[in-house]
Amino acid sequence: MTVKERYSGVLAYFEAEVPVAESELNFGNAFQLLVAVMLSAQCTDKRVNLVTPALFAAYPTPEALAGASAQQVYSLIRSISYPNSKADHLVSMARALIDDFGGEVPSDVDSLMSLPGVGRKTANVVASIIYKVPVIAVDTHVFRVAHRLGLSSGKTPEAVEKNLEKHVPEHLRPICHHWLILFGRYTCTAQKPHCDTCPLTRFCTVFRR
């Protein structure tokens, strides 16, 4: 099976069977999504969603968060993984948003990545969801699924991102990230994947009947 055939089959399945796929993070605007995605690094969306209501209530705007101390933020996110560094990054990010972008979350990936604590994956998620920029964020789930389905053999997240964006039409890229991440989260899991109920085993490079 060619790579083109794999992409065609996988995308056709998702388009037909999963027409709606969205982030499982709770947010109300671009600023809140940026904060939530920063918190989600090496942490579950479920845990992030337990923390963000109080965080957003205390600091609803970049201006409010910029005026906080890292210790104040830490007290609200301490159940999140790496709370100390994330608290520092959140406050620094908010201050940079104000100083460099007038308090508005920028739409392009490079500008987003200039913010403290914002890597390529986070930038791609925000740009894709909020501004519909045709990029695909690659986290551990997307990386794993892309390899197992033979969509990429890239050795780094950025290499996998380039492979996906080469073959996925621009209009499908914003939703493709969600298709792959949710598939990896609930079906093609890292440990004990649900191969017995997987609808895509015909494309899988590791499944053996």
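Summed over the stretch 97-131, the residues that are more than 28 Å from Val160 (Cβ to Cβ) and either under 19 Å from the mean Cα position of the chain (by Cα) or part of a helix (DSSP H, G or I) (or both) give a count of 5.
Among the residues of the stretch 7-22, which ones are open to solvent by 40 Å² or more (accessible area, probe 1.4 Å) and not hydrophobic (A, V, I, L, M, F, W, C)? Listed by number, the residues that qualify are Ser8, Tyr13, Glu15, Glu17, Pro19, Glu22.
Each residue in the stretch 130-151 was checked for being open to solvent by less than 30 Å² (accessible area, probe 1.4 Å) and farther than 20 Å from Lys86 by Cβ, and 9 of them qualify. With respect to the conditions (1) more than 14 Å from Phe31 (Cα to Cα); (2) surrounded by fewer than 18 Cβ atoms within 10 Å (Cβ to Cβ), Val109 lacks only one, and its number is (2).
Have a look at Leu25, Leu33 and point out the one that is under 20 Å from Leu182 (Cα atoms), assigned to a helix (DSSP H, G or I) and within 19 Å of the chain's Cα centre (by Cα). So the residue among Leu25, Leu33 that is under 20 Å from Leu182 (Cα atoms), assigned to a helix (DSSP H, G or I) and within 19 Å of the chain's Cα centre (by Cα) is Leu33. Looking for something open to solvent by 50 Å² or more (accessible area, probe 1.4 Å), basic (Lys, Arg) and in contact (Cβ under 8 Å) with a residue 12 or more places away in the chain - is there at least one such residue anywhere in the stretch 90-97? So far as the stretch 90-97 goes, yes, one or more of its residues are open to solvent by 50 Å² or more (accessible area, probe 1.4 Å), basic (Lys, Arg) and in contact (Cβ under 8 Å) with a residue 12 or more places away in the chain. Gly154 satisfies every condition listed in (1) free of Cβ contacts under 8 Å to residues at least 24 places away in the same chain; (2) more than 23 Å from Gln32 (Cα to Cα); (3) open to solvent by 20 Å² or more (accessible area, probe 1.4 Å) except (3). Among all residues of the stretch 182-192, there is none that is of a type in the set (Ser, Thr, Tyr), surrounded by 19 or more Cβ atoms within 10 Å (Cβ to Cβ) and not in a helix (DSSP H, G or I). If you go through the stretch 158-173 and keep only what is in contact (Cβ under 8 Å) with a residue 24 or more places away in the chain and surrounded by 19 or more Cβ atoms within 10 Å (Cβ to Cβ), you end up with Glu161, Leu164, Val168, Arg173.
When Ser81 is tested against (1) in a loop (DSSP other than H, G, I, E, B); (2) farther than 30 Å from Thr189 by Cβ, exactly one condition is not met: (2). Selection within the stretch 41-56: residues that are in a helix (DSSP H, G or I) and of a type in the set (A, V, I, L, M). The member of this set that is nearest to Asp139 (Cα to Cα) is Val48. Just to be sure, is Ala146 within 18 Å of the chain's Cα centre (by Cα) and in a loop (DSSP other than H, G, I, E, B)? Against the criterion (within 18 Å of the chain's Cα centre (by Cα) and in a loop (DSSP other than H, G, I, E, B)), Ala146 does not qualify.
The values are calculated or read from the model by the stated rules, or taken from the named source; none is laboratory data. Model, not experiment: these values are computed from the prediction. Note: ideal-geometry Cβ built from the backbone for every residue, glycine included; neighbour counts use all protein chains shown. Please note that ligands, DNA and RNA were not included when accessible areas were found on the heavy atoms of the full protein model with its side chains. Shrake-Rupley method; radii C 1.70, N 1.55, O 1.52, S 1.80 Å.
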